[in-house]
1. Within the range 309-355, how many residues turn out to be among the β-branched types (Val, Ile, Thr) and within 12 Å of the ligand (Cβ to nearest atom)?
2. One residue is enough: does the range 163-174 have a residue meeting the conditions open to solvent by less than 40 Å² (accessible area, probe 1.4 Å), more than 22 Å from residue 511 (Cβ to Cβ) and without any contact (Cβ under 8 Å) to a residue 40 or more places away in the chain?
3. Identify all residues within the range 358-391 that are within 15 Å of the ligand (Cβ to nearest atom), farther than 27 Å from residue 325 by Cβ and among the polar types (S, T, N, Q); write none if there are none.
4. Picking from 130, 152, which residue would you name as being acidic (Asp, Glu), farther than 30 Å from residue 36 by Cβ and open to solvent by 60 Å² or more (accessible area, probe 1.4 Å)?
5. From the list 47, 99, which one is closer than 24 Å to residue 250 by Cβ, touching a residue at least 24 places away in the same chain (Cβ under 8 Å) and surrounded by fewer than 17 Cβ atoms within 10 Å (Cβ to Cβ)?
6. Going residue by residue through the range 439-453, is there one that turns out to be open to solvent by less than 60 Å² (accessible area, probe 1.4 Å), away from the ligand (no atom under 13 Å from the Cβ) and touching a strand residue (DSSP E or B) at 6+ places or on another chain (Cβ under 7 Å)?
7. Filter the range 475-506 down to residues that are in contact (Cβ under 8 Å) with a residue 40 or more places away in the chain, part of a loop (DSSP other than H, G, I, E, B) and out of contact with any Lys or Arg (no Cβ under 8 Å at 6 or more places or on another chain), then give me how many there are.
8. Having 3 or more residues that are surrounded by fewer than 17 Cβ atoms within 10 Å (Cβ to Cβ) and not acidic (Asp, Glu) is the bar; report the helices (runs of 4 or more DSSP H) wholly within the range 279-358 that clear it.
Amino acid sequence: MRPSLPFSRWPQVLEDEYRGQGFWLDLPLSNILQRHRDNQGTAVICGERHFSYAELNRLSNNLAAQFVCRGLGVGDTALVQLPNIAEFYIVFFALLKAGIAPVNALFSHQKLELRAYASQLNPALLVISDEHPLFTDEVFTAELKTLAPALDLVCSAGECNFALHLSSLCSMTVDVDVDADIDCNSAAEEVAFFQLSGGSTGTPKLIPRTHNDYYYSVRRSAEICQLDGATRYLCALPAAHNYPLSSPGALGVFFAGGCVVMARDPEPLRCFSLIEKHGVTMTALVPSAVILWLQAAPGYQQQLSSLKLLQVGGASFAEALARRVPVELGCQLQQVFGMAEGLVNYTRLNDSDERIFTTQGCPMSSADEVWVVDPESHTPVACGQTGMLMTRGPYTFRGYFNAAEYNVSAFNPDGFYISGDLVTQDENGYLRVVGRVKDQINRGGEKIAAEEIENILLRHPDVLQAALISVPDALLGEKSLACIVAHKTAGQSELKPVALRKYLRAQGVAEFKLPDRFQFMASLPLTAVGKTDKKELRQQIFTTAPAI
Ligand code: J2J
């Protein structure tokens, strides 16, 4: 048997405390589904397909058995990239049951991200969709195999001539009793899967999440949102993202025995008709999608009548918009401030309107330790003052995967994760997000690590210096602006935005990470230690002509 995956554990005293207080139950995440194995009620609706809990459990058992009989299990990892389809959950539970730890890439991810995950994890299994342009032929899969020598098995949702088909694997039963659950889970205190970090560094980082910590966050989220068997949740954000997966997301809904309705994306009119057709009671959106829903809603209120709760999170949500939600969409608003690294804050359903409209909620667990500190000295600031958020707790991770050096700066010596968010906290513990110190752009909830794009731009032969900064945007909250200093020798024709975007695409950069605007400059301002002075740069940008 292979050893379990390495990761940064909680100190024993804290593990004991989290168990003692009933936060960690030592159950595998697959228990979320298995506890409903006899439930004939609908768990997932995906287009015209309806899956009962019993069916979802059986299909994931079959698939898990296929993995197990091919020799995969604890210690193995998988790279999964699926759109918002029911197979996402079938695969997720099958991998958990087989003891294989997946990373679920976003469907918008391209070569750059997939290469990074493959080389960090060396997955034995790749699960893809024929709908993704990278997998219409075998070329990129072959490249991934060179990066991940363990990669042996490729499965695909949909037609694909170089992979095994998920649909046939799910319907095959191996020598096991069809009613028996496959139970090869990794231990509850071990890594269940890897979550994706929004990141602020050159390479995308992976967040190990254990069964114990993630299951607790799902249970507690389901409780706060008062989910039950009657909950019908529209999953319109990318299913793999931490927010629609666990806050309380699809896993919270499964835990409570409700139903998840899949939408391909948050496009308002398609979502409105799904809400009407399936009597959806709650959903989760990012602020930019709420703006589109508010614009589209007049005349459709009737279609939205079943919707009781709209969660908004992932990026800053203006108070003026928050106030419009109950009036124009006819449902209650819940603000959610979370992170794939752990900590999630919610406004509570019985909070006053004032709190719901003006704060991003308070930590979900009594065991969440939240400090608001001076970004330089890490000493706590006074209540109500702006500071940087640091946190530790029963579902906040203790280190990025295989990143010992970086972890030194991402945590304080007591194991508090340094989030890089600037917040204020009031006397009741409620937080407001007011900014960030991490070098990241939050483009409508999609996170872009500035350094990752800058490094690729710097590899362009005509680029001497590059800096990516955010600029305000009415719809997305922020867009990205690349400030470029060209080499003196550079031909003018090369350094056009269109050429640089083409270059970035060719390097495998996902569409949402391509700079929205470019500004060509004679030089970039530098700090005393020779780094780009982004504060000064913003000053210069916002007092000069608009970029192209
Ligand atoms: C301002 N900024 C916010 C908010 C997240 C639930 C909800 C969201 C995420 C998520 C998540 C914000 N207002 N309401 O994982 O479980 C910014 C902060 C934060 C970063 C985390 C969940 N809610 N943010 O967005 O890992 O900067 O998770 O640190 O993608 O998004 O991003 P991510």
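The values are calculated or read from the model by the stated rules, or taken from the named source; none is laboratory data. All values reported here derive from a predicted model rather than from experimental measurement. Ideal geometry is used to build each Cβ from the backbone, glycine not excepted, and the neighbour counts take in all protein chains shown. Ligands, DNA and RNA are stripped out before the accessible areas are found, and what is left, the full protein with its side chains, is counted by its heavy atoms. Shrake-Rupley method; radii C 1.70, N 1.55, O 1.52, S 1.80 Å.
1. Here the count works out to 4.
2. Yes, the range 163-174 contains at least one residue that is open to solvent by less than 40 Å² (accessible area, probe 1.4 Å), more than 22 Å from residue 511 (Cβ to Cβ) and without any contact (Cβ under 8 Å) to a residue 40 or more places away in the chain.
3. Hit for the range 358-391 is 391, nothing else.
4. 152
5. On the way: 99 fails: surrounded by fewer than 17 Cβ atoms within 10 Å (Cβ to Cβ).
Just a single option satisfies the conditions, and that option is 47.
6. Yes, some residue in the range 439-453 is open to solvent by less than 60 Å² (accessible area, probe 1.4 Å), away from the ligand (no atom under 13 Å from the Cβ) and touching a strand residue (DSSP E or B) at 6+ places or on another chain (Cβ under 7 Å).
7. Of the residues in the range 475-506, 1 are in contact (Cβ under 8 Å) with a residue 40 or more places away in the chain, part of a loop (DSSP other than H, G, I, E, B) and out of contact with any Lys or Arg (no Cβ under 8 Å at 6 or more places or on another chain).
8. Counting at least 3 such residues, we get 287-296, 319-329.
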